[in-house]
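Report on the following structure.
All of the numbers you see were taken from the coordinates with simple rules; none came from a lab. Since the structure is predicted, the reported quantities are computational estimates derived from the model, not experimental observations. Using ideal geometry, Cβ is built from the backbone for each residue, glycine included, and neighbour counts are taken over all protein chains shown.
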Amino acid sequence: MINKWVLFLGMLLISSVCAAELKVGFVNVPRVLEKAPQASAAKKRLEKEFAPRDKLLVSQQKEIKKLEEKLMRDQAVMGESERRNLEREIISKKREAKRAQEEFSEDFNIRRNEELGKLQRRIYEAIKALAKEENYDLLLTDGVIYASDKVNVTGQIQEKLQQMAD
């Protein structure tokens, strides 16, 4: 809804200042997000940060699988109390693994959103800097149905982000 208003106000501004030459541009933010060097750096940081916990989760799953295989294989020769103890151990380890997986997912999502927020701020800084440097009167992002190459400045924003990454 807001995007429609921004577009409407932009068009109103353009039509009301017909005599003046306006410099208008468009930025494809999803494309910039996808190709920004900061995005790949953030992905690597997240992978490095969460790799040890991921390995721990995998090893927990392997341990549970081994216990389940042991139960299936040796069930017939086990005593009743030994079988119950193994079943309880499996249930307990599954609970621990599930809790650890949920904590991992929650922590990962929080950190991913933090990194995404930082990247979005950098992109908007780059957009504002380009707008000032190139004297744009209006730069549009979301809600644009069509933008010709003449007004599409997405490539310039990607270059600016590359400079900001160096």
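Structure above, values below:
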{"read-out": "Of the DSSP H helices in the chain, those whose Cα atoms cover at least 30 Å axially and whose Kyte score averages 1.0 or more", "value": "none"}
{"read-out": "Inter-probe distance in nm under a simple model that places probes 7 Å from Cα toward Cβ, at residue 94 and residue 53", "value": "2.4"}
{"read-out": "Size of electric dipole in segment 110-162: Cβ of Lys, Arg +1 and of Asp, Glu -1, about Cα centre, debye, nearest 20", "value": "260"}
{"read-out": "Within a Gaussian network of the chain (alpha carbon springs, distance under 10 Å), most fluctuating of 115, 82, 125", "value": "82"}
{"read-out": "GNM top mover of 63, 80, 103 - the chain, alpha-carbon springs below 10 Å", "value": "80"}
{"read-out": "Pairwise label distance in nanometres, residue 165 with residue 85, each label 7 Å out on the Cα-Cβ vector", "value": "5.7"}
{"read-out": "Residue 146-residue 121 pseudo-label distance in nm [points 7 Å out on the Cα-to-Cβ vector]", "value": "3.8"}
{"read-out": "Label-zone membership for segment 139-166, site residue 129, 7 angstrom Cα→C-beta point, backbone N under 18 Å", "value": "139, 153-166"}
{"read-out": "Residues residue 110 and residue 62, FRET efficiency given R0 of 45 Å [Cβ-Cβ distance, rounded to 0.05]", "value": "0.95"}
{"read-out": "Shape box of the chain [Cα atoms, principal axes, largest first, Å]", "value": "93, 37, 22"}
{"read-out": "Dipole in debye (nearest 20) - the chain, about Cα centre, beta carbon charges: Lys, Arg +1; Asp, Glu -1", "value": "400"}
{"read-out": "Charged-residue dipole, Cβ positions (Lys, Arg, Asp, Glu), segment 60-143 about Cα centre, Debye nearest 20", "value": "400"}
{"read-out": "Order of 136, 146 under a 10 Å beta carbon neighbour criterion, fewest first", "value": "146, 136"}
{"read-out": "Positive-end extreme of charge dipole, segment 2-165 - chosen from 163, 27, 79 (charges on Cβ)", "value": "79"}
